[in-house]
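The values are calculated or read from the model by the stated rules, or taken from the named source; none is laboratory data. Please read all numbers here as calculations on a predicted model, not as lab measurements. Please note: Cβ atoms are built from the backbone with ideal geometry, for glycine as well, and neighbour counts cover all protein chains shown. Just the protein is used for accessible areas: all its heavy atoms, side chains included, with ligands, DNA and RNA removed. Shrake-Rupley method; radii C 1.70, N 1.55, O 1.52, S 1.80 Å.
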Amino acid sequence: MKKERAEKTFRQIRTDNVILKMGLGSMLFVTSLFIFNAATRDDTVILVPPFQHETIEFINGRANQEFYSQWAWSVSMLAGNITPGNASFVRGELQRIATPALYRRLMETVDIELQNIVRDNAVVTFSPREVIYDPELNRFFVTGRQSIGGPGVRSPIEKQITYELGFTTERLRVYLASYAVYEGKPMTAAVREVEMSRREDRERQQAEKDGVQ
């Protein structure tokens, strides 16, 4: 009787030990998984500037899309509203926010535009209508109406223009990395594909026409 009871107790202890080992193994696995996720998780920094209504999350040094959209709007307003009185200010701000490589290319065209505005005593205004983000190109498009007038302008001009902008972030500071402004609608990836297809069709038709002749 005592022998049977001892054997039963021994089997129970052995079973308890197996369960305990399994529990410890599971805990070690979960802990290791948690440590691994914490070590490999993207670094996230959350900011709430005073002019923002929503938080800005920097993941691996890059902010959320809404933040860059506001940057795109701000840059278009800076570059699109120029008078002889603020031309030097606009030039300085573009230098401050642009990457060095972009600024050198940018000033080749912007300097001429600023000089013409001062010379002609012109006033350039821009009224944005829409901000579009194209993930395929990683570009922001700000489209709206541009007006050119002022005392030195004989015939005021009004047209639709688009600012095409790209941004990069270094140490939580945003820089303007690409800049283009052109007349007409935003040249998104989809629009460029359509335009390229039309160009190829025109070239093919011209080649067929030349072959017939």
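Results, tabulated for the structure shown:
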{"quantity": "Checking PRO135 against (1) under 17 Å from the mean Cα position of the chain (by Cα); (2) open to solvent by 60 Å² or more (accessible area, probe 1.4 Å); (3) in contact (Cβ under 8 Å) with a residue 40 or more places away in the chain, the condition it does not meet", "calculated": "(3)"}
{"quantity": "Scope the stretch 73-89; condition part of a helix (DSSP H, G or I), surrounded by 15 or more Cβ atoms within 10 Å (Cβ to Cβ) and either at pLDDT below 85 or more than 22 Å from the chain's Cα centre (by Cα) (or both); matching residues", "calculated": "ALA87"}
{"quantity": "Enumeration of residues in the stretch 146-196 that are farther than 18 Å from GLU113 by Cα and basic (Lys, Arg)", "calculated": "ARG171, ARG173, LYS185, ARG192"}
{"quantity": "Given (1) in a helix (DSSP H, G or I); (2) in contact with a strand residue (DSSP E or B) (Cβ under 7 Å, 6 or more places away or on another chain), number of the condition ALA101 does not satisfy", "calculated": "(2)"}
{"quantity": "Condition check for GLU93: among the acidic types (Asp, Glu), part of a strand (DSSP E or B), open to solvent by 10 Å² or more (accessible area, probe 1.4 Å) and modelled with pLDDT of 90 or more", "calculated": "no"}
{"quantity": "Residue within the stretch 118-132 that is open to solvent by 60 Å² or more (accessible area, probe 1.4 Å) and within 11 Å of ILE82 (Cα to Cα) present", "calculated": "yes"}
{"quantity": "Pairs, first in contact (Cβ under 8 Å) with a residue 60 or more places away in the chain in the stretch 180-197, second of a type in the set (Asp, Glu) and open to solvent by less than 70 Å² (accessible area, probe 1.4 Å), C-beta under 9 Å, six or more apart", "calculated": "VAL181/GLU164"}
{"quantity": "Evaluation of LEU137 against (1) of a type in the set (A, V, I, L, M); (2) modelled with pLDDT of 95 or more; (3) farther than 26 Å from GLY92 by Cβ (one fails), failing number", "calculated": "(2)"}
{"quantity": "Qualifying residues in the stretch 108-126 (those that are among the charged types (D, E, K, R) and more than 30 Å from the chain's Cα centre (by Cα)) - the one farthest from GLY144 (Cα to Cα)", "calculated": "ARG119"}
{"quantity": "Every pair of residues 6+ apart whose Cβ atoms lie under 8 Å, when the first sits in the stretch 156-171 and is at positive phi while the second is at pLDDT below 95", "calculated": "ARG171/GLY61"}
